[in-house]
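The values are calculated or read from the model by the stated rules, or taken from the named source; none is laboratory data. The structure presented is a predicted model; accordingly, all values stated were derived computationally and were not measured. Note that each Cβ is placed from the backbone with ideal geometry, even for glycine, and that neighbours are counted across all protein chains shown.
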Amino acid sequence: MVDRNGPNRGAVAPGSPQRPPSTFVEQANVADGEVYEEFEEEWPECWERAAALLEWDRAYEAVLEDDDAPFYRWFAGGRLNASYNCLDRHLEAGRKNHAAIWWEGKRGESQTYTYRELFVAVNEFAATLRELGVEEDDVVTISLPMIPELPIAMLACARIGAPHSVVFAGLSADALAARMDAANSEYLVTCDGYYRRGDAFNQKRKADNAVLTVEQDVTTVVVDRLGEALPHVLGENQYDYDELVRAHEGARVEPVSRDAEDMLFLMYTSGTTGQPKGVVHTTGGYLAYTAWTTHAVLDVEPEDTYWCSADIGWITGHSYIVYGPLALGTTTLMYEGATDYPDRDRLWEIVDRNAVDVFYTAPTAIQAFMKWGEEYPEAHDLSSLRLLGSVGEPISPRPWQWYYEHVGNEACPIVDTWWQTETGGHVITTLPGVCEMKPGAAGPPLPGLDARIVDDAGEEVEPGASGYLTLHRPWPGMARTLYDGDDRYVEEYWQQFSDPDADEWVYFSGDAARVDEGGYVTILGRVDDVINVSGHRLSTMEIESAILDVQGVAEAAVVGGTGMTGTHVYAYVSTENDAESDATMSERIVSTVEAAIGPIARPEEVVFTSELPKTRSGKIMRRLLEDIASDEELGDTSALRNPEVVGEIQTATREE
Ligand code: WT7
């Protein structure tokens, strides 16, 4: 899989380095560059600093146990509860009236939960889950849009030691069912519906369809988000959230003391095969790592109003809307709406009104802001901002500069944070109070991490050359295994570059990258069959197999095409016996993909071609299709068996 088309992809050269603004450095949480050497010298004990940000029920005996690598154990022997760390201890510290969650709804509603109020809501729902029969280690699936009940349900699960598996609310019934099945999950928390592009979307119907197809019996809790706008009926084994919680008013649930290595949650992500991977994160290492990176990289302080605009349905929201910020006791803003509704200044209006200190978003959004024009941020007072973040995709120097000037007013450092569902938290990024920024390059690995760019043989490549991004040392936030099994975990991440006989374990990220003389890493994108759309990871195989279900389709290849507005899904399709390749078929393909995976996987274009480009050995040459979709110069086509189709495909892509 590594060798698909090699890691040699183009990327824009990084812009010139910039010092972080001195006003920022003076107050930064981490401002001393010695932290890099200290972590080297003290590794792995350096990670005690992360653990020290938490309160432990029982102290750990060892920072790291590596005798069973690559199954590492962090903070072994320690015990703690994540919900206690995100709630109770802040009350004890006299911060009960401090805002924990600041929620901005889609219809202009807003709601604040103080730490005390969040504590009460979480306890009541934890008691509810218990009454429904949820026991320690039972997996609870949560499929909710960006409403407060989502983090409440997560923390309630954490309180009773039941791992949550949050499934992005926009995924299809099939995708939800597959994830519930894989985790053998018997509990689902969902809602009647939510507003999508102004319309009331029926989420419950989707959840009902999913529940019908799973093997096990499922108990469902339904949050009434829409009320009269979308009346719903509860069936057998379905309960109303409010009613249940009301019956447990004032209930208190003792936080269950969990082993540091006990599973905190599962998060499904796309891999190279159609089968999603259930990434397992633990209680101690994950929480310590997200708290540490929120403190050191995002520079969050308890008094801040912090806003990450991701969806909690993905890892970014887990780590940097819920766990990291709440562990630090800050105010985390949660936004349900879109970036351009009611107008294109919506985000800046929210920053202005709430005096947001730290703002963290994705390059796709930044590119859209840039296209809309600087008049939108300029119409608001953004002077409260202290730091800006970017995550999910590479950010090119131009949007970087735009973000720096028009949102940050050249007074806020930008952290371009590279990480993955599997890493739990940031891995490659500048420390904003220490490092120079190089627009277009994410930065050096964080203190204590060891990232290297290697070739096919696993040898480190020269600065400037591209290769595979690998991690050569474990870190507390790392995934521990895949829920589907340890073997798949080793196969997917550790097999390619490790030398088990020498007990040398190397984690392969699936990304290509290059590093400059100064140690700054530029990410070049995935080298496996995964595409990244707006920070959402999609498996090309999963989309292709959906398309192949459409009658009349003979072959399909899906690639990510990257242009000014980010990466989009392009589907190249050939039909059976010249079946009609018309607009109806194109629509059927699009709706089948939406039904199988969800609207996020919707192909931007469906391009019909008489044949797909193939190598002599019959492999579809996706790299070529990617170049065509991205309107880039085509690489070497000499390996093609049917070079004559290239012109046809190019023309057809441009016509779309
Ligand atoms: C993939 C992981 C990180 C949480 C959100 C996505 C890409 C992530 C960057 C960045 C360039 C990035 C990589 C990575 N990616 N951050 N700063 N620069 N690429 O999590 O769904 O697990 O996807 O996102 O390709 O492998 P994910």
Is there a residue in the range 494-503 that is in the same structural domain as Glu422 (by TED's automatic domain parsing), more than 15 Å from Ser270 (Cβ to Cβ) and crowded, with 20+ Cβ neighbours inside 10 Å?
-> yes
Would a scan of the range 58-71 turn up a residue that is modelled with pLDDT of 95 or more and within 25 Å of the chain's Cα centre (by Cα)?
-> yes
Helices (runs of 4 or more DSSP H) wholly inside the range 248-362 that include at least 1 residues being under 27 Å from Thr112 (Cβ atoms) and within 16 Å of the ligand (Cβ to nearest atom) = 284-296, 324-328
Single residue of the range 498-531 satisfying the filter (of a type in the set (Val, Ile, Thr) and in contact with a Phe, Trp or Tyr (Cβ under 6 Å, 6 or more places away or on another chain)) that is farthest from Ser16 (Cα to Cα) | Val506
Residue in the range 383-424 that is surrounded by the most Cβ atoms within 10 Å (Cβ to Cβ), counting only those that are within 10 Å of the ligand (Cβ to nearest atom) and assigned to a helix (DSSP H, G or I) = Glu422
Just need a number here: residues in the range 26-68 that are of a type in the set (Lys, Arg) and either part of a strand (DSSP E or B) or farther than 25 Å from Glu422 by Cα (or both).
-> 1
With respect to Phe71, is the statement that it is in contact with a strand residue (DSSP E or B) (Cβ under 8 Å, 6 or more places away or on another chain), of a type in the set (Phe, Trp, Tyr) and assigned to a loop (DSSP other than H, G, I, E, B) true?
-> yes
Test set (1) more than 20 Å from Ile620 (Cα to Cα); (2) modelled with pLDDT of 85 or more; (3) surrounded by fewer than 22 Cβ atoms within 10 Å (Cβ to Cβ); (4) within 18 Å of the chain's Cα centre (by Cα) - Arg537 fails condition number = (2)
Selected residue (only one of Thr112, Thr141 is in contact with a strand residue (DSSP E or B) (Cβ under 6 Å, 6 or more places away or on another chain), without any contact (Cβ under 8 Å) to a residue 24 or more places away in the chain and in a strand (DSSP E or B)) = Thr112
Within the range 355-375, of all residues that are surrounded by 15 or more Cβ atoms within 10 Å (Cβ to Cβ) and among the small types (Gly, Ala, Ser), the one nearest to Met564 (Cα to Cα) is Ala368
Here the residues within the range 500-546 that are near the ligand (Cβ under 9 Å from one of its atoms) and among the polar types (S, T, N, Q) are Ser509, Thr522, Asn532
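Mind counting the residues in the range 22-56 that are among the aromatic types (Phe, Trp, Tyr) and farther than 12 Å from Leu449 by Cα?
Residues in the range 22-56 being among the aromatic types (Phe, Trp, Tyr) and farther than 12 Å from Leu449 by Cα: 2 in total.
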Kindly indicate whether any position in the range 581-601 is in contact with a helix residue (DSSP H, G or I) (Cβ under 8 Å, 6 or more places away or on another chain), at negative phi and without any contact (Cβ under 8 Å) to a residue 40 or more places away in the chain.
-> no
Selected residue (criterion: nearest to Val279 (Cα to Cα)) from residues of the range 65-107 that are free of Cβ contacts under 8 Å to residues at least 12 places away in the same chain and either among the charged types (D, E, K, R) or in the same structural domain as Ala310 (by TED's automatic domain parsing) (or both) | Asp68
Complete set of residues in the range 425-434 that are within 14 Å of the ligand (Cβ to nearest atom) and either among the hydrophobic types (A, V, I, L, M, F, W, C) or assigned to a strand (DSSP E or B) (or both) | Val427, Ile428
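Could you say which residue among Ser581, Ser591 is out of contact with any Pro (no Cβ under 6 Å at 6 or more places or on another chain), part of a loop (DSSP other than H, G, I, E, B) and of a type outside the set (Phe, Trp, Tyr)?
Details: Ser591 fails: part of a loop (DSSP other than H, G, I, E, B).
Selected residue: Ser581, the only one of Ser581, Ser591 that is out of contact with any Pro (no Cβ under 6 Å at 6 or more places or on another chain), part of a loop (DSSP other than H, G, I, E, B) and of a type outside the set (Phe, Trp, Tyr).
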Could you say whether any residue in the range 113-121 is closer than 29 Å to Asn237 by Cβ, crowded, with 21+ Cβ neighbours inside 10 Å and in contact with a Ser or Thr (Cβ under 6 Å, 6 or more places away or on another chain)?
-> no
Among the residues of the range 55-101 satisfying the criterion of being among the acidic types (Asp, Glu) and touching a helix residue (DSSP H, G or I) at 6+ places or on another chain (Cβ under 7 Å), which is surrounded by the fewest Cβ atoms within 10 Å (Cβ to Cβ)?
-> Glu55
Complete set of residues in the range 500-528 that are farther than 22 Å from Tyr489 by Cβ, of a type outside the set (Gly, Ala, Ser) and part of a strand (DSSP E or B) | Arg514, Val515, Val521, Thr522, Ile523, Leu524
Among the residues of the range 167-187, which ones are within 30 Å of Arg197 (Cβ to Cβ) and in a loop (DSSP other than H, G, I, E, B)?
-> Val167, Phe168, Ala169, Gly170, Leu171, Ser172, Ser185
Would it be correct to say that Ala310 is over 30 Å from Ser165 (Cα atoms) and among the hydrophobic types (A, V, I, L, M, F, W, C)?
-> no
Is at least one residue of the range 222-245 free of Cβ contacts under 8 Å to residues at least 60 places away in the same chain, touching a helix residue (DSSP H, G or I) at 6+ places or on another chain (Cβ under 7 Å) and not in a loop (DSSP other than H, G, I, E, B)?
-> yes
Looking at Leu155, Leu171, which is the one that is at pLDDT below 95, in the same structural domain as Val211 (by TED's automatic domain parsing) and surrounded by 23 or more Cβ atoms within 10 Å (Cβ to Cβ)?
-> Leu171
Residue satisfying all of: in the range 476-499; touching a strand residue (DSSP E or B) at 6+ places or on another chain (Cβ under 9 Å) and in a strand (DSSP E or B); nearest to the ligand (Cβ to nearest atom) among these = Leu482
Please state which of the following conditions Arg130 fails to meet, knowing it meets all the rest: (1) in a helix (DSSP H, G or I); (2) in the same structural domain as Glu422 (by TED's automatic domain parsing).
-> (2)
Verdict on Gly477 being modelled with pLDDT under 95 and of a type outside the set (S, T, N, Q) = no
Among (1) surrounded by fewer than 23 Cβ atoms within 10 Å (Cβ to Cβ); (2) among the β-branched types (Val, Ile, Thr); (3) in a strand (DSSP E or B) - the single one Ile453 does not satisfy | (1)
